[in-house]
Amino acid sequence: MTSTPCHGSRRARISAGVPRPRCLSTSAARHSAINFYSAEVAAFDEQARNLLNEMAMDISFALDNFALEEKRKQAERTLFKLSLAVEQSPNSIVITDLDANIEYTNAAFTNVSVTARTR
C-alpha cells in the first residue's frame, strides 16, 4: 500500500494503491495496479485496505480465467480441425485401447471393412 497525492487533483490528499497479485497472474508480462483516491485524510484504514486487497485478488482471478478460457477455446478449435481431418481422411484409421479393443474407426476403414466382408 502506498499513500501519495493524486496527480492532477488538488482535492485528493491520500491514495491507496493495490498491486495486482503476481502469484495469480498466468503471464509474467501482465502487471497492473488498482488505485483509489480520497480527499479525506486516513480514509483507508486496515479494514478498507484488506477489502481492497481482496478486490484486487478477485479481479486478478477473473482476468486470469478470461485468458484461460480463450486458451481452452483455441484448443477446442484445434481439436475440432484434427477430428475432421481424421474423419475425412481417405486412409483407414483405427484407434484401439491397450487391450486391442476398437474404440474408433473412420469412414474409410468402415468402407474397406464392408467391402472385404461382401467379397
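For ILE34, which sequence-distant residues (separation of 5 or more, or a different chain) have an amide H within less than 5 Å of its own amide H, given hydrogens modelled in the peptide plane?
Residues meeting the criterion, in which the H sits 1.01 Å from N, are VAL18, ARG20.
Please go through region 27-117 and write out the GluC sites (Glu not before Pro) that DSSP classes as loop and that have at most 13 other C-beta atoms within 10 Å.
Values: sites: GLU40, GLU46, GLU54, GLU69, GLU70, GLU76, GLU87, GLU103; in loops: GLU40.
For GluC sites (Glu not before Pro) across region 27-117 that sit outside H, G, I, E and B with at most 13 neighbouring Cβ atoms in 10 Å, the list reads GLU40.
Where a number appears in this text, it was derived from the coordinates with a stated rule and is not lab data. Please read these numbers as outputs of a predicted model, since none were measured by experiment. Cβ: placed from backbone, ideal geometry, glycine included. Neighbour counts: every protein chain shown.
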